Structure formats: structure tokens, C-alpha cells
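The values are calculated or read from the model by the stated rules, or taken from the named source; none is laboratory data. In this text the structure is predicted, and so the values were computed from the model without any measurement. Here the Cβ is made from the backbone with ideal geometry for all residues, glycine too, and neighbour counts use every protein chain on show. Accessible surface is based on the protein model in full, side chains and every heavy atom, while ligands, DNA and RNA are left aside. Shrake-Rupley method; radii C 1.70, N 1.55, O 1.52, S 1.80 Å.
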2 protein chains.
Amino acid sequence: MNSDMLIRITRYFRALNRLRAIGLEKVFAHNLADAAGVSAAVVRKDFSILEIHGQKRGGYEITELIDRISKILGKGDPQNIIVVGCGRIGKALMHYTGFEPDGIRVVAGFDSDPIVYSDASHPVPVYPMSRLEEMVEALGVKVAIITVPEAAAADTAEKLLEAGVKGILNFSPITLKPHPENPAVIHNINIALELEQIFYQLQFPESRMK
Amino acid sequence: MNSDMLIRITRYFRALNRLRAIGLEKVFAHNLADAAGVSAAVVRKDFSILEIHGQKRGGYEITELIDRISKILGKGDPQNIIVVGCGRIGKALMHYTGFEPDGIRVVAGFDSDPIVYSDASHPVPVYPMSRLEEMVEALGVKVAIITVPEAAAADTAEKLLEAGVKGILNFSPITLKPHPENPAVIHNINIALELEQIFYQLQFPESRMK
């Protein structure tokens, strides 16, 4: 499965959970196509690659589809994550419930500032950075979100990998790359860069062609 | 210029501003290559396409490069943005200063909740949604960040486009697509989807190949 297909499958999965939540039992390829921004033919092709078959003209059973896709996406495993850097963006993510329909839950925060980690008002426990390794092991956490200031990002990523974290979603403005000797999965979300690109594409519409 | 090149150029630009801020005057292709995660040969090729020439073995003058690239990126124009939806993530973005080195500034927020827009503690003015059109025009804003709940996202995007906004960075979990008849630039940042993909790629390392 390539990454475009993976993105589509995760979109189908989210749409299916929402459709089930509102009480639907069946879904058609074109419903999922709308949700994922592709054509119904693409949905049918993806399902045929995954060996998912619908009933003739009856569409697909939502519960069956969810079971099947959750196995493909490895949803049986606990998907606990931590937030490292509990400033404004980190705090907002600790409160964010938008991951929960996907079975992803923030279980702890980490910060180097005693004022932050002594504050009892957080929705999950916040620990000092010195307890990172211990708590990552205790909580069985594999994935972390980095929301530390730019200057601390590279160092934080290194500490996370040393603590046994395998996947990082980096919100700091520097681009983190995986080490050749540590094949962690690192995704970078660079808000400033996205805005830059939008401004650029507005100024030079021909740059949007690709 | 294709979008990969655009991403590199904006990365060079950010790196140059930071290098200048710490007092450097000259930069070499390999410095920018490190910052952008490419090889020095790619930097030299990009610069040659943009008709930027360094001195023989002397590298590039940082100030000249910044001037040149800021013209290419259209940095002369004011890059004021608004945040629509002033919940936790919206508030964090209103306080975020990481755009400022790029000349991007949040000038106002909008929210439909009187408790939110009557609160005087925000770092920028927050207006009720009913004043969106008026204020977008008054502030000359072309780009907005959407941080409203999922159920309100599509409607908010429509209102923004009607008010004359041309570019949207969407943080809500639904994927917004440009209307065929309104060629706005829309970028979607889907945090849950990024996390899903990380978990998936950890489970199926072969999916990372592409």
C-alpha cells in the first residue's frame, strides 16, 4: 500500500466511524468517495486491493468495513501518545478530543519548566523531562507530539528516540529528519511554511499547477 | 517553479533570516542544503534557475539572497492573517510568534460565541462572526486559519470565501476542497490523520517506502 492509498483508507475509516455514530448501517462507495475526496471508482479499486467485497447493489455493511479496516490499520493496539512541550499549542493538543474517534489518546505531557509540570490543571498528568524515559516505558508509549520551542526541538527529538519512542509528530518550525541509524517515523507540521506557501500560491497562481 | 521547489525556497528563506539574526554575513550552498534537507547540488541548481549567482568560492551574501528571495516570494506585500474559531487551538495560534520572522501576523480573531469575543484578554481583537465580511475588507486580509469545530468547518470556509478571503489553512479534521468556481488556495492540516499515518507506518514499515 503506498502513502496515497494509506491516506484514503484512514479517511474512509474516519468517515465510517462517523456514519456509524449517526446510526447508519450501510454505506456505498460514492459516500466514502465524497468523504475522501476521490471518485467512487477509486474507492472500489482500493477495496478490491484490500479484498473487501460489498453486496450486489446493496453497498457495504459499515460494521464489517470498520472491523476489516481497523485490522488493516492495526487498530487493535493501544494508540497512546504523549505531548512534549506544554506551552499554548501543547496544552491545546492535550485538551483536543479530535483524535479519540480514531482511538488515539494523549496520556501524558512533559515539560522542562517546573511551573508548567507542577500546575495541576492539565487534563492529563504532566511530568518533568527528567522522567521521560521512565514514563515512556511505564506507559508503553510509541508516538510523541513535539510542541517545544524551535531551539529545543532537535534535542527533544533525540531524547524521545533514546527513550524508545518510534514515531514523532513535530510541530516546531524546524524540520526533523530521521537518523539513518534510527529509522523512526517523523512527520513535520510546519504552520509557518504552510502559510508561506499559501501566500506564494496566491501571488503566483501558476505555481499551483503541480 | 513547482511545489517542491517552492517548499525548498521558503526553507532557504527562513534559514537565511535566522543566520542573519545571529550575525552571519555569508552562507554556502551546503549550509542551506542542511537547513532544507537537500544536497548542496540541489541548492545550486535552484539558485541557478532563479538566476542567483554566488561569488567564486566565497559563498553568497546573506542580505542579497534575502532581498532576492523575498522578491521572488512576494514579501513586499502585507501578510496579515485572521484566525476563525478562537477555542484552544485558535487561541494558541493567536499567541504564536513563530510566523513573525516570515512577516506573517495574526491581526484578528473571529468567533461565534459572545463569551469568547467579549473576552478582552486576547492578544489581538476578536470579533463576532457577523462582522467577518466587514473586517476582512477593512483589514485587507487575504488568508485565514480555520480552527472551528468539525461541524462548523465547511460553513466557515464558505463564509470566508464570500467575504473575499483567497487562502485558507484548515485545522479542522474535515478536508476542505476548493470550489471549481472559486479557485481559492486551501491547505488542510489534519492532526489526527498525521498521527494515524505514523501509527500505520510503524506497524507496516514497508508502507514508508513511498
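List of remarks:
- Residue that is farthest from the other protein chains (Cβ to nearest Cβ) [pool: residues in the stretch B:176-200 that are modelled with pLDDT under 85 and under 20 Å from B:VAL143 (Cα atoms)]: B:GLU181
- Scanning the stretch A:157-175 for residues that are within 25 Å of B:ALA92 (Cα to Cα) and small (Gly, Ala, Ser), we see that the one that is nearest to the other protein chains (Cβ to nearest Cβ) is A:GLY167.
- You will find that of B:ALA151, B:ALA144, B:ALA192, the residue that is among the aliphatic types (A, V, I, L, M) and farther than 25 Å from A:HIS187 by Cβ is B:ALA151 and no other.
- No other residue among B:ALA144, B:ALA151, B:ALA157 is open to solvent by 20 Å² or more (accessible area, probe 1.4 Å), among the aliphatic types (A, V, I, L, M) and either out of contact with any Asp or Glu (no Cβ under 8 Å at 6 or more places or on another chain) or closer than 23 Å to B:VAL106 by Cα (or both) apart from B:ALA151.
- Some residue of the stretch A:108-118 being within 13 Å of another protein chain (Cβ to nearest Cβ) and either closer than 23 Å to B:ALA92 by Cβ or surrounded by 13 or more Cβ atoms within 10 Å (Cβ to Cβ) (or both): no
- Taking helices (runs of 4 or more DSSP H) as the structural unit, those lying wholly within the stretch A:1-89 and holding at least 3 residues that are modelled with pLDDT under 85 and closer than 29 Å to B:PRO178 by Cα correspond to A:3-21, A:29-36.
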